[in-house]
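Some notes on the structure that comes next.
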Amino acid sequence: MQTPDRPFKTYPLTPEYAAILKQRRADEAAGKPYQVAQNRCLPAGLAATMTTGAYPIEIFYQKGGQEILLQKENVGALYRVYLNRPHKNADELYPMFYGDSIGHWEGNVLVVDTVSLGATAALDLITPHSEALHVVQRLHRVSYDTLEDEITFEDAKALTTPVTATAVFKLHADWEIEEYECTNERLMFDEHGNQTISKSAAP
Amino acid sequence: MIRDRRKGNHSMLPQTLVCTLLALGLGGIAPASAHHSYAMFDANNLVTFDATVKEFQWTNPHSWLQVMIVDDKGVAQEWSLELGPLVALHRWGWKPHSVNPGDKVKVSLNPLRDGTRGGRLMTIVLPGGETLSGQGVAPAPIPAASSSH
């Protein structure tokens, strides 16, 4: 599916992060849109992966149920959920795109808890988050061809309250995940942040 | 693609599952080709030109169509038109050789705001009369606003 460009609604941002969003919107209006990681062919990160539609996700259940692997087609997004351990200790964590994800089952619901998402700075293409972002997903296959993912964003620095929504996924039994290597990025940005199209991809 | 061979405590999740996001009421979801801001394109200005294909770049994160368009002075000028990623175009009916150099086509696009010869390709009419979308299906309703607890 496709939705209109930039349909983002408001998140309950703290004053500090509301100011960051306001500045990003002003920059965009001036032709200098905020540059998220994927603009440079870097990973989108967990938050943007889960708030962006259209591309299929394939879910693998492996290692006897000790690990779940989720692969999203666009930009080859991939992350693992470990069901056999707690989060790593704080002194082992560092800013990551997909963070440290652990999971457990509550009946038929897979609960995925992710921390250490400091390598990205936007929940979507523009709304800021901090390195304190904590994401909890509750995945439930409600019928043969429908998977619901109740997602909660919690961010003590950026959000005044946690935000929860449910993503609904449709099974496509006849689809294949296609190759998506980011090789032809022709949107360029000068030293002032102005966006232009180049004649060819960046070297 | 679904292979639900496993019988056990967690049979609600198969070993592999390919699925797409339908809706997410978390402040709205980004467009299908959500890779960058589209602020550089004038979404309120849809212009249509007769064009001759110079090159079709079947690539990610976006495919690109290089076309020659004759300007007001009768001079053919090269334009760069951005499409969705090839993985999405494929599902929208495109193939790597849907257009070829020399093809006479009609392109409808949102031009670049800065006046540079380029834009976001919305639709194209191929030499055989077939129309393809450069950006996917018609926009769907925006999901409900976010909820908090």
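Which order do A:SER116, A:SER130 fall in if you start with the one that has the fewest other Cβ atoms within 10 Å? It would help to have the intermediate numbers written out before the result.
Working: A:SER116 22, A:SER130 17.
Going from sparsest to densest Cβ surroundings: A:SER130, A:SER116.
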Task: For chain A, built as a Gaussian network whose Cα springs stay under 10 Å, the top-fluctuating residue of A:VAL109, A:VAL136, A:VAL81 - done: A:VAL109
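If r is the Cβ-Cβ distance from A:ARG40 to A:THR10 and R0 is 41 Å, what FRET efficiency results, to the nearest 0.05?
Efficiency at R0 = 41 Å is approximately 0.90.
Can you tell me the relative contact order of chain A? Whole percent, Cα pairs under 8 Å, sequence separation 6 or more. Each step should come with its number before you reach the end.
Numbers: 379 pairs, mean separation 37.5, N = 203.
Value for chain A: 18 percent.
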Task: Listed residues A:GLY118, A:GLY107, A:GLY31, most fluctuating in chain A (Gaussian network, C-alpha, under 10 Å) - done: A:GLY107
Open item on the list: Could you identify which residue out of A:TYR61, A:TYR11, A:TYR79 has the top mean-square fluctuation in a GNM of chain A using Cα springs shorter than 10 Å?
Closed with: A:TYR61
Task: Averaged over A:136-146, number of beta-carbon atoms from partner chains that fall within 10 Å - done: 2
Task: Integer Hz, Karplus 6.51/-1.76/1.60 couplings in order for the range A:19-26, x for Gly and Pro - done: 5, 5, 5, 4, 5, 5, 5, 5
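So, R0 is 25 Å and r is the distance between the beta-carbons of B:LYS104 and A:ASP174; what FRET efficiency does that work out to, to 0.05?
Numbers: r = 35 Å, r/R0 = 1.41.
It comes to 0.10.
The range B:47-133: percent of C-alpha pairs farther apart than 19 Å?
Details: 1140 of 3741 pairs.
The proportion of pairs with Cα distances above 19 Å equals 30 percent.
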Task: Among the listed pairs A:LYS22/B:LYS95; A:LYS72/A:LYS157; A:LYS199/B:LYS104; A:LYS63/A:LYS170, those beyond 32 Å (Cα-Cα) - done: A:LYS22/B:LYS95
- [ ] Please report A:LEU139, A:LEU42, A:LEU83 as a ranked list, fewest other C-beta atoms within 10 angstrom at the top and most at the bottom.
- [x] A:LEU42, A:LEU83, A:LEU139
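Please compute one quarter of the surface area of the Cα convex hull for the range A:90-152 and express it in square nanometres.
Values: hull surface 20.7 nm².
About 5.2 nm², averaged over all directions.
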Task: Span per principal axis, largest first, for the Cα atoms of chain A (Å) - done: 52, 41, 34
Open item on the list: Could you tell me the center-to-center distance, by alpha carbons, between the range B:53-83 and the range A:87-151 in angstrom?
Closed with: 41
Task: Spin-label model distance (nm) - B:ALA43 vs B:VAL125, 7 Å beyond Cα toward Cβ - done: 2.6
- [ ] Let me have the 222 nm mean residue ellipticity of chain A computed from DSSP H runs of 4+ only, each contributing -39500 (n - 2.57), with the sum over all residues rounded to the nearest 500.
- [x] -3000 deg cm²/dmol
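Where a number appears in this text, it was derived from the coordinates with a stated rule and is not lab data. In this text the structure is predicted, and so the values were computed from the model without any measurement. As a convention, Cβ positions derive from the backbone with ideal geometry for all residues, glycine included, and neighbour counts pool all protein chains shown.
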